[in-house]
Structures are given as C-alpha cells and as structure tokens.
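Shown next, in structure tokens, is the structure this report addresses.
The values are calculated or read from the model by the stated rules, or taken from the named source; none is laboratory data. In this text, all values refer to a predicted model and were calculated from it rather than measured experimentally. Backbone-built Cβ (ideal geometry, glycine too); neighbour counts: all protein chains shown.
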Amino acid sequence: MRLLVVEDDSLISRSLTQALTSLGNTVETFSTYRTAKEAIHQGAFDLLLLDLGLPDGDGLGLLEEMRERGDSTPVLILTARDNLDDRVRGLDLGADDYLAKPFQLAELEARVRALLRRSQQRTENLLRLGPLMFDPATGAASLDGCALSLPHRERLLVESLLVHAGNIVPRETLESRLFGFGEVGSNALEVYVSRVRKRLKGSGLRIRTFRGLGYRLEEEQG
Amino acid sequence: MIVVTGSLKRRMAAWLLVTVIGLGALLMIEAWVSSRQAADRAFDAQLEAAALSISEAVQWQDGRPEVVIPVSALQILATSSQERVFYAVLDSQERRLSSNWEVTIPQALRDSVRKAPLETALHTAYGELRVYGREVSAPGWVSQEPVQVWVGHTLGGRQTLALTLFKQAVSRFLAMVLLAGVLMALTIRVALMPLRRLRHQLRLREADDMRPLDAEVPKEMHELVQTLDQLFTRQREGREVLLRFTADASHQLKTPLAGLQTISELALRSSDPGQWRAALEEVHGSAERTSRLAGQLLSLARLRHLDDAPQRQRVELCGLMRDVALEWAGRDEANRHDLGLDTLPTQPLWVEAEAWALRELIGNVIDNALRYTPAGSSITLGLRREENEGCLTIRDDGPGVPEEQLERLCRPFERLGRQGTEGSGLGMAIVDSIARRLGGHLKVANLSPSGLVVELRLRLAEEEAS
Amino acid sequence: MTALRISLAATVLLAIGLASTWLVVERPKGSVPPPSKLVIAAALDEAVVAPLLEAFGRAYPHIQFEYRDRSSLEVDRSVTEGNPPDVVISSAMPWQMAQVNAGLARRLDSEEILNWPEWAKWRDEVFGFTFEPIVMAYHLELSRHVLPPETHADLLELLDSRQNLLRGRVVTYSPFNSGIGYTLFQQDARYSSRFWDLVTSMGRVETEALENTQRMLEGIDSGRYWLGYNLLGSYALVYAQEHPNVIVQIPTDYSLVMMRMVFVHRDAPHPAAATTFVNFLLSEEGQGVLAGQTPMFSIRPGIKGPYTAARLLGQVGDRLYPIPINASLLAFVDPARREAFIEHWRQAFSGDREAVDERHE
C-alpha cells in the first residue's frame, strides 16, 4: 500500500515511517502544506495521514481542497489539538478517522489497518476479516476457504459484524437488521450470536459482547 | 451593561439647566406681574394725588361748586413719560364744571365713585386710559351738592416703567443664574476631585499591582473603592491560584522527566541489551504518562481559566452516554476491562449543557476507572431520571478509595495512596471543574462491598415538544 | 479682535445704509415725486419767517406749500375745523398743548426728532423750535429820569413810586386777545405772589395792553411809551440794534422763555411733506437759518449764528425760565380757570382791591 504522511515533526514522522513500513507499506513523508499539496495532486495514495498544525497552513484546508476535487482517498487526521470542535470539523470535511497526539503506535497501526481494509473492501467489494470472507452481492460466506452455508438471520448478523469489523456494532443496529422493527425478545439476538460463535470456534475469530452496548467481531489476541 | 453616555458634568449641567429654565419661567412670570403692579401703583398714586389736588380747588359759591384747575394738579401728571392727561370735574347733574375731556364717564363708574374712589381702565376715543375718580362733598354752611373729580392718563409710562422693572428683574435673575452656574461649576469640580484623584491613582498603578487602593474618598465613593478593592483581591487570589497551579504542574512534569533521565542514564552505562530493553520499556511507559499528564494539565488549566461563558445547548443524555460508552469500549485501553452500559431510560433526557464538556467528564471518569482498577474489573455506566434531574453514574467494582481521602479526591495532584498506579492525579480535578462549569452536582462514594461510584446530577431542561 | 472688526464693519455698513436712506427720503433730488401742496397754518409773521420758508423751498423744490399767517387763536380754531392744515405752528403754547393732548398730532420718528432736546418736545408729537426770552424794554428818555428797572420788583417799585411820571407811558401784552400775553401772565402769576400787585400798579398808571410786540416796540421807539413789559425778546433785541432809543432789559431776577411749537396734524392730507417740513425746521439747516436770518433764537445745539439759545444762555445764564412744554400747560386753557384769571386781572387792573383780595387765596 502507498501511504502519504504529512507531518512537520521529524521525530514523529520518522517513527511513523518506520512503523508503517514494517507493515509492508510504502511511506512518503512531507513536512509542509505546499509540498504535500503537490504530492497529492500527482500521485495516487491509498491513505493519507494528515497533521493539522503545519508550519505554512492548516491541514484541514488540504483535506477540504481534496474532497472538493472529488478525491476520496481515506484520510486519518493526527493532531495535538484535542479540541472537539476540530475533530468534528475534520470529520465533517470528510476525514475518515481522527487520532489525537500523543498516541500509541499500536492504536495507530490498528486504525491504519482498518482504514486500509475498508479502502480495499471498497475496491474488491468483498468483506473479509482474517479467514472469514463475505460477498454482500451474493450473500456467500466462506471460512478458511470453505463455504459456509448460513441461514438468513445468521448471514445478516455476519454481514453486519463484518462491515464494522474491529468496531462495536450497537445491539440496536443488529436487532433492526435481523428482525426489522417488530417486537423482539431480549434474548433473541443473543441466540443468533451464540450460533455464529459456534461456527467461528477455532477459526481465530470471536464475537465479543459489550454489556448494554453491542458486539464486536475481532481476531483473537496472541 | 451600564450605559451612561456623556460626561457626569454635562449631565449635572443639563439637569441644572432644566431646573433653572423651569424655575426661571416661573420667576419671569412673577416678575412681569409684579412689575406691572408696581408700575400701576406708582402711576395710580400720581392720579390720586392729582385728583386730590383738583378736589381741594373746588369751592362753593352760594351752594354752587366752582373750580379753578390748579396747575400743580397737572404738574403732578406731567411726568417724564409725557402721558396725555385728561381731567373732568362734574357736578351732580353731570355737567362739566371743568374738563378737557370729551368722554362720557359710564353711569356705573359714576355710581360706584359715590361710595368710594376708584381706579380703572377705560377705553376711550383717546385710546386706552387709566382713570381715577373720586367724589368731593366738602362740609359747608349751606347745602352742598357733591362734585366728582375724574383724572386719567395714557398708559405709556406704566408700560415703560413695567418694562424697565421687568428688565431689571431679568438682569438680576440672569446675573444670579450666571453666578450660580459659575459656583456650580466650581462645586462640581471640587466634588469630582476625589474621583479624579482616584482615576489618577488607578492610572499610575502597575498592571500587576493588586494591593488594595489606599485612597481617602468621600462616603459616597466608599462602595466604589471597596468594590475595586474586592476586585483586586479576587484578581490577586486568581493569580495566586494560577501561580500555585503552574508551580504544581511544573513539579508534576519534572518528576517523571527526572525519572526518565535517571533510567536512560543507567541504561547508557550498561552494556547489557536486556537492561537496555527493560529501561526502554520504562522510558516508554513514563513518556506516555508524562504526555497524558501534559494533556490533562492543559485541559484543567483551560477549564479553570476559560474566559468565555459556557455555550450551552440542548443535549440528549441517553444518546450521549451510549456514544461515549461505545467509544471507550472500543478502545484498546478498555480491552482488559468489562466496560458496559446499564439499561437506559426509554424517554430521552434533555439538559442544557456543552456536549464536549460532558464527554470529557465521562471520559475522564472512565479513564480513571480503567487506570485505578485491576484488569477484569467491570465498569458500568448508568443513567436515570430523578425528578427533574438527570443522574449519570460511572461505577466500578475496584478497590475504591479510603473514606478519609474521598474529600480530597477532586483536588489537583492528589493521587492519594495510589502512587503506584499510573496516573497523574488530575483526572478527578478535571471532572470536578467540568461539573462546576456545567452547574452539576458531583458526588464520589465507595460502594459496598467494594468499588467506587461517581455520580453527576444535572438539572433537566424544560420539557419541549422538540 | 475679529468680532470687533466685524462689528466695526457692520457699523460702517449701517452708517452707509442710513446715509443712503436719508438721502433718498430727505433729499430725493434724483427722482421727482408728484407735487403736493403742503398747508402750514402759523401764528408767526410771514415776513419774519420768510428766510426759513425760502430755504425750505430751495431744499425741497418739489414740495409746494401754502403758508397761512393767522393769529394764534385762529390757528387754534383751524386745527379742529374741517380741512385741517398739515403743519400747525403757534406760540400759544397751552393751546398747542391741549390739541396735542387731545391726540390731534402725529407722532414723528426721525433722527432729528430723536435727538431733539427733551425739554423742547412732548411725546415726539409737538416741538418747540424757537427760544424767545421775555424782556422789558424802555425808551432812552426813561433813564434820564429814573434808574431803569432790572427786576420785576424794580418795576413794581418804579410803577408805585413814579405814578405821575409813568401814567400812560407803560405798555404791555394784552392778556385778553393774545394767547402769548395770557400765557406769559399766567406763568408770571405762578412765579410770584406779588404779581397781582404789579397788575394793580400797572392799572393805576393806566398801562396800555397791546397784542403785538412789534407795535409795542414802535411805540417805545417813537417815545409814545417809555416802558414796556413782557415783550418778545427775539423781536426786541433785533429791533434795539437798529433803534438806539430802545433799550432792552432782560430781567435779572427771572426771564420767561417762550417757544414756538410745531406739530403735524393727525389728519394731515400730506403727512410725508409735513414731516419733511418739521424735520427741516429742526434740522441743522433750518435751525441755522433761524439763528442767522430771523430774530428767533434757535434751539438745536451746535448751531452757529447770532441768535442761538446757547449764546443767550451764555450771556444771561440761569435766569432764563422756559415755559415748560408739559401737561401743566393744560391748566391755562381750562375755560373756568381762564375766565377766573381774566376776571381777576380786570379787577386788579381796575383797582378793585376788595375783589382782588377776595380772589387771592
């Protein structure tokens, strides 16, 4: 993958390059608004990591300009400003995610992975996490290459979780996806979740429950 | 906002002017009337004297009245204002014994003069006259018929005199007003002197001089000076708080930095890669803590010294709680804890608040709970309605805080007995500041058998159709 | 400084404006207004006043005027009759005063009138424009027999002590048919309680009463009379210069001063021309003619000439008592008073001592 880092602090810039290169990406770094703008105009990147406080301009301006041109390259905003207004403005302008400095490299890597995956899914039109793959067009799912024959509601559940893989999917979202807007028992969703859990057992994937909140499809740690 | 435009002097002058004009108008009217009266009195006295003089010239020859108009009578009337002068002496048959007057005196006047002398205005062919009439019936040896003496003159002299008197009165009044104005101006100047002195003193003050004013001022200004002194005191206290905070913050930052220094120094001395690694891990952890501390210091400082008034808007608590819980549950830090949400009320709860501040508050409490409870502890967010208040709770099942330290929990830099765990001790201070900013009530309590609950009560907004 | 300059400029402008206005109104030589016939009714010899009228004619050639020389009583009558004259001039001061008091005069308003001395005008309606002392005159022959009188008291003593010498040789103004004579005696009576003694004494020496100063002077010059009392000093002083037999004595105790009074009639047919005439009378030019070419003394201060009030005052000083132009004059025309005075006079003159005493209050 080809990543563009716009960051004026050389220490951060260097560590980002190091961390992201080790994930198998090509990383180019720019430290000013002007040079970054030229680079964006020229090359196609898969992800842009954008620092807001640039010496010769506001990173948000760069984002705004990109989106106006119809450039939908995913953008992850990095900033020392932890002001919520900036975060909201950034997201409004079309940023895909937001990370406040200081950040942990692990967190950054996870976000970058998710963004790249989403970006890739957009192009492949396939949902995948680890061994699990789902084709929203046909409804066909496979685990470790073996086709999974899923009943209707289980298929809906897998699709919903996979779309937001790595993120918590609120139970309200899942319930309305699975059961429509009709009355539903409090345990109904849990029934289907445990069925899918059984199918995923041993695949390295699991569904974690968040009390009162929802579920998250994630890869098992270590 | 006090809106007093223009100068105090001008306001006083304007009021004075209005008063003087009002009073002046009344005085002018009074002066005009009294001038007229005075002029009338003076000239009426002349008429009376002339009539008396003529009366004395009346003699009775064989019971018949005769009169030789004395020059002196007319001399009396020959004033400097050169009135035209008229006289008539009538007998009881209303024949003119002597007259230079073609006018017929109305019957009513003649009748009333029989009882008492009178003065009156009379419109005649000679213009408007002031006339005086009296009846003379001298005692005599034979029967006497009474005689009426009438004298009159034109009004020019009266008008001139009245005008002169009036002008004098006006001049006196104007002179008085002028004098009063000058005195008033001086008085205002003198009265405003303490204010000017105070202004001067304030102007000379150094920007950071917060000592009370040392000013001798009149009673009316005591309050102003006291208020100013109070303001200075508050500013001084604020500045002291800020200084203390800065000192504390520097100390807080210095401590981990000193640690970093020693660790890295020791590692550099060693040639054992294993020790290097251990030192690096420590450095990493400490750097993380330090940067977090810096962030917290910044938000605390901002919260405490934010100038602008809170920009409140209507915020729905259920949605907000769910969003915050989802955000934090999804974070890596929360991975080893069980972060959950209680069942929320079915009805939306609206408050007037700043959404970012509420998120910050809840986030800090969650962050605290994540840091000060062992892995595997559960942290639960709850929300319920109690009458007209929304009650947000964040409770954990960790070890809680010793009762005697609960009170000091919200002070900055109090990490209580939990020095061992990572954390700055600022989280709860931030929470407390935000709660104050939102106008909410914050309560921290231990749970039984173990755990801590942080509760924030916010007044619900008025129910609206929206 | 600026303000001062502005005010100076304004004054100059105003002065220029006034001057031009004055030129237009007073001396409209550029444009000729329609001719008007001004009527002046005057108890003043036309011959005496001729230089003045000529000067007026020269100054205002467009104003045609008619000068009616009448006796003072005739002039007075003409004021109240139909077709009133424009300008009324008379030396019968009380009568003039009475007419003005009755509102028959027009109030005037001009520079000349505003500056006219207060004591010689009344209400800006009537103006005294001559200043004529009342004097005694005697024939040179008198001084050969007796010491000529200098005061009223001298005169009385002389009449009483030298009855035979003076019988038939004394002349005075008539109080009966002459406004001037009547006024003078009325005024005399006010000043001295011994006035009636003087009348009685004059009666004893069979004094003649004439109605004209000129005739009295001629009589003295011819030797017909040796002593004249209450003559118009203006005539007498001029006359004496040409007739060395006549000696004029201004009484040293007091000397009455008579003024000829002029007013514009309220109903004057030609008020503008009439006003112009009166203004001329009071003007420097008119007064100058009076002072230089007539025996009537001018009143206006600052006039140069042989016959000016100022000069007379300088010579005679404070013995001059002008008959005041004010309301007190009205008493003299009161019919009852006049009748009483005349009656008193007759009785005193005829030596009816008792009647005189009885009248004397």
Listed residues B:45, B:50; which is assigned to a helix (DSSP H, G or I) and more than 13 Å from chain C (Cβ to nearest Cβ)? B:45
Every pair of residues 6+ apart whose Cβ atoms lie under 7 Å, when the first sits in segment B:201-229 and is over 20 Å from residue B:241 (Cβ atoms) while the second is among the aliphatic types (A, V, I, L, M) and not in a helix (DSSP H, G or I): B:201/B:213; B:201/B:215; B:225/B:213; B:225/B:215; B:225/B:217; B:228/B:213
Given (1) within 14 Å of another protein chain (Cβ to nearest Cβ); (2) without any contact (Cβ under 8 Å) to a residue 12 or more places away in the chain, index of the condition residue C:189 fails: (2)
Go through segment B:272-303 and report how many residues are away from chain A (no Cβ under 12 Å) and either in contact with a strand residue (DSSP E or B) (Cβ under 7 Å, 6 or more places away or on another chain) or among the acidic types (Asp, Glu) (or both). 3
Test for residue B:147: is it more than 34 Å from the chain's Cα centre (by Cα), within 14 Å of chain C (Cβ to nearest Cβ), surrounded by 14 or more Cβ atoms within 10 Å (Cβ to Cβ) and among the hydrophobic types (A, V, I, L, M, F, W, C): yes
Residue count, segment C:307-328 (criterion: within 14 Å of another protein chain (Cβ to nearest Cβ) and over 14 Å from the mean Cα position of the chain (by Cα)): 3
Taking only segment C:197-222 into account, find how many residues are within 21 Å of residue C:247 (Cβ to Cβ) and not polar (S, T, N, Q). 12
Just to be sure, is residue B:363 touching a helix residue (DSSP H, G or I) at 6+ places or on another chain (Cβ under 7 Å), on the phi < 0 side of the Ramachandran plot and assigned to a strand (DSSP E or B)? no
Those residues of segment A:87-111 which are of a type in the set (A, V, I, L, M, F, W, C), closer than 15 Å to residue A:48 by Cβ and either surrounded by fewer than 17 Cβ atoms within 10 Å (Cβ to Cβ) or within 14 Å of chain B (Cβ to nearest Cβ) (or both) amount to A:91, A:99, A:108
Can you find a residue in segment C:274-284 that is among the aliphatic types (A, V, I, L, M), in a helix (DSSP H, G or I) and touching a Lys or Arg at 6+ places or on another chain (Cβ under 7 Å)? yes
Look through segment A:19-55, keep the residues that are farther than 21 Å from residue A:114 by Cα and without any contact (Cβ under 8 Å) to a residue 12 or more places away in the chain, and return whichever of them is surrounded by the fewest Cβ atoms within 10 Å (Cβ to Cβ). A:42
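Conditions tested, residue by residue: (1) under 21 Å from residue B:444 (Cα atoms); (2) within 14 Å of chain A (Cβ to nearest Cβ); (3) without any contact (Cβ under 8 Å) to a residue 60 or more places away in the chain.
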residue: B:312; (1), (2), (3): no, no, yes
residue: B:315; (1), (2), (3): no, yes, yes
residue: B:334; (1), (2), (3): no, yes, yes
residue: B:343; (1), (2), (3): no, yes, yes
residue: B:378; (1), (2), (3): yes, yes, yes
residue: B:391; (1), (2), (3): yes, no, no
residue: B:403; (1), (2), (3): yes, no, yes
residue: B:406; (1), (2), (3): yes, no, yes
Those residues of segment B:102-140 which are of a type in the set (Gly, Ala, Ser), touching a residue at least 24 places away in the same chain (Cβ under 8 Å) and within 14 Å of chain C (Cβ to nearest Cβ) amount to B:127
With respect to residue B:284, determine if the residue is of a type outside the set (D, E, K, R), surrounded by fewer than 14 Cβ atoms within 10 Å (Cβ to Cβ) and at pLDDT below 85. no
Given the condition modelled with pLDDT of 90 or more, of a type outside the set (Lys, Arg) and on the phi < 0 side of the Ramachandran plot, answer yes or no: does some residue in segment C:17-38 qualify? yes
Among residues of segment B:61-101 being of a type in the set (Lys, Arg) and more than 7 Å from chain C (Cβ to nearest Cβ), the residue nearest to residue C:117 (Cα to Cα) is B:96
Would you pick out the residues in segment C:209-268 that are touching a residue at least 60 places away in the same chain (Cβ under 8 Å) and hydroxyl-bearing (Ser, Thr, Tyr)? C:225, C:229, C:234, C:235, C:252, C:254, C:255
Of the conditions (1) in a strand (DSSP E or B); (2) in contact with a Gly (Cβ under 9 Å, 6 or more places away or on another chain); (3) at pLDDT below 85, the single one that residue B:150 does not satisfy is (3)
Limited to segment C:110-163, what total is found for residues that are aliphatic (A, V, I, L, M), surrounded by fewer than 21 Cβ atoms within 10 Å (Cβ to Cβ) and either more than 23 Å from residue C:294 (Cα to Cα) or out of contact with any Phe, Trp or Tyr (no Cβ under 9 Å at 6 or more places or on another chain) (or both)? 6
Qualifying positions in segment C:254-270 - more than 21 Å from residue C:181 (Cα to Cα) and not in a strand (DSSP E or B): C:266, C:267, C:268, C:269, C:270
May I ask you to verify whether residue B:174 is under 30 Å from residue B:295 (Cβ atoms), over 31 Å from the mean Cα position of the chain (by Cα) and of a type outside the set (Ser, Thr, Tyr)? no
Can you name the strands (runs of 3 or more DSSP E) wholly within segment A:121-222 that have at least 1 residues being among the hydrophobic types (A, V, I, L, M, F, W, C) and within 14 Å of another protein chain (Cβ to nearest Cβ)? A:168-170, A:205-210, A:214-219
Looking at residue C:251, is it assigned to a loop (DSSP other than H, G, I, E, B) and in contact with a His (Cβ under 8 Å, 6 or more places away or on another chain)? yes
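Checking the condition of a type in the set (A, V, I, L, M), within 60 Å of the chain's Cα centre (by Cα) and buried (at least 19 other Cβ atoms within 10 Å of the Cβ), which residue from B:185, B:162 passes?
B:162
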What about residue C:332, is it part of a helix (DSSP H, G or I), away from chain B (no Cβ under 14 Å) and over 30 Å from residue C:226 (Cα atoms)? no
Can you tell me which residue within segment A:61-72, out of those that are surrounded by 14 or more Cβ atoms within 10 Å (Cβ to Cβ) and without any contact (Cβ under 8 Å) to a residue 40 or more places away in the chain, is farthest from residue A:51 (Cα to Cα)? A:71
